[in-house]
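Below you'll find the structure, written out as C-alpha cells, and then a few comments.
Values quoted throughout were computed directly from the atomic coordinates according to the rules given, and no laboratory measurement underlies them. Since we're looking at a predicted model, the values are computed, not measured. Cβ sites come from the backbone with ideal geometry, for glycine too, and all protein chains shown count toward neighbours.
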Amino acid sequence: MADIKFDFHDKAVLVTGGTRGIGAATVRAFLAAGAHVAVNGHTAESARRAVDQLGARAQAMAAPGFWDDQ
C-alpha cells in the first residue's frame, strides 16, 4: 500500500462522528497531518472525552438535541 501524505498544516477540519471508530481514526489522521480538528459527537461529554485523549489541536463540539426525537 502506498504511503500517502497530506499537508493540512494550520487548516481547520470538522469531523462528525469523531468520538470513536472510523471517525476517531479520521481525527487522528488529520491531527497527524497538522490540522486543527473540531470533533463532533453525539453528546458534549463524548466529544470532550475524545478530545482529552487526542491532544491540543482538537476541540470538542456536540449537536445537542439532534437525536432527541429518535
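Odds and ends about this structure:
- Pair list, Cβ under 6 Å, 6 or more apart: the stretch 26-52 residue closer than 12 Å to LYS11 by Cα, other residue in a loop (DSSP other than H, G, I, E, B) and of a type outside the set (Phe, Trp, Tyr): LEU31/ARG57; GLY34/HIS9; ALA35/LYS11; HIS36/ARG57
- Residues that are part of a helix (DSSP H, G or I) and over 10 Å from the mean Cα position of the chain (by Cα), drawn from the stretch 23-45: ALA32, ALA44, GLU45
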